[in-house]
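Below: one structure, written as structure tokens.
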Amino acid sequence: MSSERTGSQTYNVTYSEPLDEEGVAAGVIAIDGAQNIEVVSAEPEFAAASAFAKNTRDVTEFLAALGLSAPLKPLAARVTYQDSCHLLHSQKIREAPRQLLHAIPGLEFVELPFADICCGSAGVYNVTQTHASLDLLAEKMACAKSTGAQIITTANPGCLLQLRAGAQIHQTGQEVLHVIELLDRASRWGG
């Protein structure tokens, strides 16, 4: 069975209702989906998938455009942000995650040096090119430590796992959270 057919079957199972707009927390889905749709767009069964992709936005972009209306508790923490490659380089989204972080009262945001450089996760790069990935991660963790931030945030699950491993390997003592996890923590519902 071809990957296109597998994707089509998965898509047909998971997508049945029309959407006005959909937020996606795992950006890899949006990028991979868009790329796959482009490759197979000549096939008629992918018309619905193409319509879905056009209405799919990263959750940080969606919330930043919508605006936060829920009350947020102050968080006394110094926080930095690692751009995820899919958002910054593929989707050209830089400000949305930062805008959400700046909305949290009491939070001190400090820009991460070289935040636009990959953390070394890069999809499966950390598996296929482990040594190079660990070299990138070591540089990234030195930059993160230099910020004095207690919390490193990002907006991609792969980056999240990579940076959590980096904080443990390099013993930086920094917590690593998805932007949405930190927003949840600041919300009246969060911990």
query = Does Ala64 satisfy the criteria of being surrounded by fewer than 18 Cβ atoms within 10 Å (Cβ to Cβ) and in contact (Cβ under 8 Å) with a residue 12 or more places away in the chain?
reply = no
Residue ID - surrounded by the fewest Cβ atoms within 10 Å (Cβ to Cβ), chosen from residues in region 152-191 that are hydrophobic (A, V, I, L, M, F, W, C) and part of a strand (DSSP E or B) = Leu177
inquiry  = Could you list, ordered by first residue, the pairs with Cβ atoms under 6 Å in which the first is in region 85-104 and without any contact (Cβ under 8 Å) to a residue 12 or more places away in the chain and the second is outside any helix (DSSP H, G or I) and surrounded by 20 or more Cβ atoms within 10 Å (Cβ to Cβ), at least 6 apart or interchain?
reply    = none
message = Looking at His170 and the list (1) over 19 Å from Glu61 (Cα atoms); (2) touching a residue at least 40 places away in the same chain (Cβ under 8 Å), which single condition is not satisfied?
response = (2)
task = Give just the number: which of (1) buried (at least 16 other Cβ atoms within 10 Å of the Cβ); (2) in contact (Cβ under 8 Å) with a residue 24 or more places away in the chain does Ala138 not satisfy?
result = (1)
message = Just to confirm my filter: which helices (runs of 4 or more DSSP H) fall fully inside region 1-100 and include at least 1 residues that are in contact with a helix residue (DSSP H, G or I) (Cβ under 9 Å, 6 or more places away or on another chain) and modelled with pLDDT under 50?
response = 3-14, 27-39
task = Name the residue, out of Ile180, Ile152, Ile169, that is touching a helix residue (DSSP H, G or I) at 6+ places or on another chain (Cβ under 8 Å), in the same structural domain as Gln99 (by TED's automatic domain parsing) and more than 27 Å from Thr130 (Cα to Cα).
result = Ile180
ask   = What residue, of Ala115, Ala122, Ala96, is surrounded by 14 or more Cβ atoms within 10 Å (Cβ to Cβ) and over 23 Å from Ile169 (Cβ atoms)?
value = Ala96
query = On the given criteria, is Ala138 farther than 21 Å from Ser90 by Cβ, among the hydrophobic types (A, V, I, L, M, F, W, C) and in a loop (DSSP other than H, G, I, E, B)?
reply = no
query = If you go through region 124-132 one residue at a time, do you hit one that is aromatic (Phe, Trp, Tyr), assigned by TED's automatic domain parsing to the domain that holds Glu181 and modelled with pLDDT of 90 or more?
reply = no
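The values are calculated or read from the model by the stated rules, or taken from the named source; none is laboratory data. Because the structure is predicted, anything quoted here is derived from the model rather than measured. Using ideal geometry, Cβ is built from the backbone for each residue, glycine included, and neighbour counts are taken over all protein chains shown.
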